1. If you take the charge dipole of the stretch 329-419 about its Cα centre, with +1 on Lys and Arg Cβ and -1 on Asp and Glu Cβ, which of 350, 399, 336 is farthest toward its positive end?
2. Would you calculate the volume per residue, in Å³, of the smallest convex hull containing every Cα atom of the stretch 1-65?
3. Once the other residues with Cβ under 9 Å from the Cβ of residue 74 are scored (Lys, Arg +1; Asp, Glu -1), what is the net sum?
4. So how do 506, 649 line up by other beta-carbon neighbours within 10 Å, fewest first?
5. Would you compute the Debye intensity of the chain from its alpha-carbon atoms alone, equal scatterers and no solvent, and pass along log10 I(q)/I(0) at q = 0.07, 0.10 Å⁻¹ to two decimals?
6. Apply the Karplus parameterisation 6.51 cos²θ - 1.76 cosθ + 1.60, with θ equal to phi minus 60°, to every residue of the stretch 170-182 and state each ³J(HN,Hα) to the nearest whole Hz, in sequence, with x for glycine and proline.
7. Given bins 5 angstrom wide, list per bin the percent of all Cα-Cα distances in the stretch 329-419, short to long.
8. What's the exposure ranking of 101, 467, going from fewest to most Cβ atoms within 10 Å?
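Each reported figure results from applying straightforward, stated rules to the coordinates on display, with no laboratory input. The structure displayed is predicted, hence computed values, not measured ones. Here Cβ is always computed from backbone atoms with ideal geometry, including for glycine, and neighbour counts include all displayed protein chains.
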Amino acid sequence: MDKHLPQPPRAARVPHRTTHHGITRDDPYFWLRADNWQEVMRDPSVLDPDIRAYLEAENDWFDSAFGKNAEGLTETLYKEIRGRIKEDDSSIPTPDGPFAYFSRTLEGKQYPQLVRTARAGGEEKVLIDCNVEAEGVDYFGFGGAGHSPDHSLLLWAADRKGSEFFTLSVRDLQTGRELEDRIERASGGGVWGADGQAFYYTELDDNHRPYRVLRHRLGTLQAEDEVVYEEKDPGFFVSIGKMLSRKYITIAAHDHQTSEIHLIDAGNPGVPRLVASRETGREYDADERDGLLYILTNADGAEDFKIVTAPAADPGPQNWTDLIAHREGVLITAMIVISGHMIRLEKQDGLPRIVVRDLKTGVESEIAFMEEAYSLGFSVGYEFDTTNIRFSYSSPTTPNRTYDYDLATGARVLLKEQIVPSGHDPDDYETRRLFATAPDGEKVPVTLLFRKGLETTGDAPVLLYGYGAYGHSMTAHFSISALSLVDRGMIHAIAHVRGGKDKGYRWYRLGKHRHKTNSFTDFIAAAELLVAAGYTRPGRIVAEGGSAGGMLMGAIANMRPDLFAGIIAQVPFVDVLNTMLDDTLPLTPPEWPEWGNPIASEDDFRLIASYSPYDNVEAKPYPPIFALAGLTDPRVTYWEPAKWVARLRASKTDDNPLFLKTNMGAGHGGASGRFDRLKEVALTEAFALWVTGVETL
């Protein structure tokens, strides 16, 4: 690093002592948490000047010490990644009655258009152009859109701050004008009632939690909307949906281990009907066909889930009948029902497959592939009475392919293959699946992507990605950005650590709450495997993770800093103990089942304190670290990475670079435009290439 650069900023230390369970702690950087954070989410200009000054000083330091020097490399990477995108592209039209709907991107434009044609094709009509809607704002997040049952109106959602406060608007598709109906503080899109004269939406409370469902009749004021359901427990979030049969609108209340569903008759709305009351640890989801509910659940010890049926008129658990029995090690991750078939997505030994069941005969067929690692998903569109499903497949070497699958004949038709304009030959690359041995003997899958012919001299640079929370699995999919690293001789690796469901629900259970540290030791085991297998050596691995994966980054930085050439922590959840002690924050009560409740339990307090990255920073050397934050992020608040970096800078004993870049106009997902987002990806890749010495600045 240039010795003539100004010194990095040092955050002021202000004593702030708290006592829980008889344990007193001092948090000298607590002042970085804005007391008016709720207001900041809605209007970033009200941020305390002292806090803003510190964040901007960190941004200035990042620009002077790295950003400006890396401009050339970042621009090169950005152009490479963008060159792999077909900028003028369209999704495959999805039919619904007389029309077909699809999205389209235009060359040089940041945002999509929503378009429809007649079902058989023909003249196109642009229903909404997000590029137009995004004019004049720093951030535009499209929250989706839904057409009314008669196709005359469009209900659409937009977030213009990055704070996930959505505004709902209704557009007349004949005139293109917005109706006067306008809903503020929604948590996302809405759902139309059967008559097309009303819609349902979920509203956020003052602490940014989706807590109630309202019904809005067109032509009335939001203040007059009927409250259909209100959740009293701050630990449960509320969401809405609509079954494909269109008979029921669903209200789901859920945390990370328990769910409860209420049904609203879409054609004759009345009091919501409860399917099964919440029971701690029981999860379920439901679909409907011919008056029968099909319920995906982990009830009765079905850890990897099973499918049961129940009459929609009396859907209580006493009437649940097994249809697809529980099979240990075969995780059912998704299910949907259409007029004659049930389709489910399963995962076994980390690999997915689609299973189609004929509901008349009970005969099943399977869609699977033979690669070592791949990603697979399906959709059925808008229509219930259909014999077609659509599925997509990709792998680290193979661009995405979308097929239509005829359920009656088993025929599959390739509809679209992802085009890489700058060129891509899958035969130039190799995918490999390895298994690392964790300290307790568990086998941790590790997916590798590298250039074919890579010499395993034990010195290859590696980017190792990990997440490991909430049961989210890391899919082995095609990544246009990873190729820029791989083409420069890096190995791109994914550690499928516990906390995800990569090897079934058990894999999730053994990486949460009291078993959380397994996620960290699994990741370290994956890094050590790459060394032992002769791919690389300590100090040549860049670790990357975001959000809860950022917690993973903070933990492994404390535990094994010697292994890593650098760490990229995107919107990192690193101030775990303080966040779980603050029940006013949006996600805290719903996430107590995931991490533990340190307010109520001393054991949980001590457990979280033992690994919380911020609380375990020590006076020792750390590798280069690049942390990214979003000022209006309601999920991982900006002050978590800010406090972490402040404590690291005051404590670490090395001269390695430590950077914090806060996006002052965005939230959890970073920049909203597709090209602006690529610039952020290019910046993190430039950091990875720089700290491993692959590229110089």
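1. So the residue furthest toward the plus end is 336.
2. Details: hull volume 8.1 nm³, N = 65.
Per residue, the Cα convex hull of the stretch 1-65 comes to 124 Å³.
3. Surrounding charge for residue 74 is -2.
4. Numbers: 506 16, 649 19.
Placing the least packed residue first, the sequence is 506, 649.
5. Evaluating at q = 0.07, 0.10 Å⁻¹ gives log10 I(q)/I(0) of -0.48, -1.07.
6. Result, rounded to whole Hz: 10, 10, 6, 6, 7, 9, x, 9, 7, 6, 6, 5, 8.
7. 3, 13, 24, 26, 19, 10, 4, 1
8. On the way: 101 20, 467 26.
Fewest-to-most ranking of 101, 467: 101, 467.
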